[in-house]
1. Kindly list, by first and then second residue, each pair from a residue in the stretch 176-193 that is open to solvent by less than 20 Å² (accessible area, probe 1.4 Å) to a residue that is among the hydroxyl-bearing types (Ser, Thr, Tyr), limited to pairs with Cβ atoms under 7 Å and residues at least 6 apart or on different chains.
2. Output the helices (runs of 4 or more DSSP H) that fall wholly within the stretch 116-201 and possess 3 or more residues being touching a Pro at 6+ places or on another chain (Cβ under 9 Å), or say none.
3. Could you tell me whether the stretch 406-422 includes any residue that is surrounded by 12 or more Cβ atoms within 10 Å (Cβ to Cβ), within 27 Å of residue 345 (Cβ to Cβ), more than 27 Å from the chain's Cα centre (by Cα) and modelled with pLDDT under 90?
4. Can you tell me which residue is nearest to residue 300 (Cα to Cα) among those in the stretch 226-267 that are basic (Lys, Arg) and open to solvent by 30 Å² or more (accessible area, probe 1.4 Å)?
5. Among the candidates 48, 44, single out the residue that is part of a helix (DSSP H, G or I), open to solvent by less than 10 Å² (accessible area, probe 1.4 Å) and not hydroxyl-bearing (Ser, Thr, Tyr).
Amino acid sequence: MLDIAADPNELSFMLSRIQFALNISFHILFPTINIALCWMLLFFKVRFNQTQDETWQRIYRFWVRIFALTFAIGVVTGIAMSFQFGTNWPGYMETVGNVAGPLLGYEVLTAFFLEASFLSIMLFGSERVSARVHTIATLLVAIGTTMSAFWIIALDSWMQTPQGYEMIDGVAYVTSWTEVIFNPSMPYRVTHMLLASGLTAAFFVAGISAYRIYQGDNKSSAKVALKFAMAVAAITIPIQIFVGDLHGLNTLKHQPAKIAAMEGAWQTEKGLPLLLFAIPDEKARENHVEIAIPNLASLILTHDINGEVKGLNEFIGEHPPVAPVFFSFRIMIAVGLLMLLASWLGCYFFIYKKQFPTWLLKSTIVMTFSGWVATIAGWYVTEIGRQPYLVSGLLRTRDAVTDTPPENIMITLTIYAIVYAFVLFAYISTLFVMAHRAINLEQKELTLSDMQNEKLLEDPNNASTGSAL
């Protein structure tokens, strides 16, 4: 428990870290859904244009509303998070603002000029513009969302593996923007994050669709959306495993201390075992209650069963806190394997059994937000694993913190926590309210369509009127 009577500088440091962690953890929930969801919306729109099947149109109409809600919360929380660069971490912008400022500016430009500008057409333009213009608007929003993520991840990757700069009087100046943007870890992080978004959105769509079916929605739109989401997840997870392996190799090369913390490896060792579970003890610099598979960590990390992996004792004073990185990594892997099992089971039942059993529907509903858990756990591995540096080898986290009194930080931290807890509860509640309303709304639309078709059959000469309707 934090003690206000403790060293105020140390307390401000810890509270500022907690506050930023809270903000980024909450903010990342929403872009993680929307990056991939927008591309799914584009797919739904294109399928409707190709087939004129109203099922795809109804799927699009339902999910574009959820996209807009998620986008709005993501923008607001992103703005709140960016304020902390000036309030809690002034040393960050003072030292590396010449790098971070332009990249953050590019992110804002793509977010507002593409996403926000064309989102209104996506939401309200389907009956006001041509199908081609509406589809192009959806495409531009998808591109804007992805580019927005690209700039943020490029900056974060530079913080992990910085290059293309020089230090003059304690300030970083860019010598090559190409090297800054395309730093050694950027391709792996961007790909890994985009795939993580794909999995998060897939289970998000699958979970809400399963909920609609479980509540008695037997219309085709919920079933088609569920099938589509399960197929996306089933295909994406093996690719993510492959990219994750490449990402791990890159991290081993550039951030070996992070890998050592992920593996709970204290001593440099050949034939390093894979720890399925352990309790790291940083004071004693050893693990307790180890459950291990011999040599497997070396095989995964070096592709050599007897490969050497450096231990944490090689980086005393320069490695991250071990337990948060160690457990976050295992949570990410465990949830990923659970997603793999769920998606493949779902595809099996759809392909071979032509139905989705009730128990699997319930399981899918429970896993609606499983992508959030895996993403946040992976983000903690990435960000905590960079410690004690804010920018690896360049700027220590402690050197960038504010000198604001801890009492002030505690007040804002408490306000953030209360507001975010309320917003998260309201967001999740709204999602399921929207799912309930969609069942009734689509039923009314189908009933109206059936009445129109019956009237058209009774009076074939009224075809033009029926088409207009």
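1. 180/165; 183/157; 183/161; 185/157; 185/161; 186/157; 189/157
2. Details: elements: 117-124, 131-160, 177-181.
Because the criterion is at least 3 residues that are touching a Pro at 6+ places or on another chain (Cβ under 9 Å), the helices (runs of 4 or more DSSP H) in the stretch 116-201 that meet it are 131-160.
3. no
4. First pass over the stretch 226-267, keeping only residues basic (Lys, Arg): 227, 253, 258.
This time we only want the ones that are open to solvent by 30 Å² or more (accessible area, probe 1.4 Å), so: 227, 253.
On the way: 227: 33, 253: 14 Å.
Looking at residues that are basic (Lys, Arg) and open to solvent by 30 Å² or more (accessible area, probe 1.4 Å), I get 253.
5. Details: 48 fails: open to solvent by less than 10 Å² (accessible area, probe 1.4 Å).
One residue alone meets the criteria, 44.
Quick grid of which residues meet (1) without any contact (Cβ under 8 Å) to a residue 24 or more places away in the chain; (2) crowded, with 16+ Cβ neighbours inside 10 Å; (3) hydrophobic (A, V, I, L, M, F, W, C):
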{"residue": "66", "(1), (2), (3)": "no, yes, yes"}
{"residue": "72", "(1), (2), (3)": "yes, no, yes"}
{"residue": "81", "(1), (2), (3)": "no, yes, yes"}
{"residue": "100", "(1), (2), (3)": "no, yes, yes"}
{"residue": "111", "(1), (2), (3)": "no, yes, yes"}
{"residue": "119", "(1), (2), (3)": "no, yes, yes"}
{"residue": "127", "(1), (2), (3)": "yes, no, no"}
{"residue": "138", "(1), (2), (3)": "no, yes, no"}
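The values are calculated or read from the model by the stated rules, or taken from the named source; none is laboratory data. Quick caveat, the model's predicted, so the values are computed rather than measured. Every residue, glycine as well, gets a Cβ built from its backbone with ideal geometry; the counts of neighbours run over all protein chains shown. What goes into the accessible areas is simple: the full protein's heavy atoms, side chains included, and nothing from ligands, DNA or RNA. Shrake-Rupley method; radii C 1.70, N 1.55, O 1.52, S 1.80 Å.
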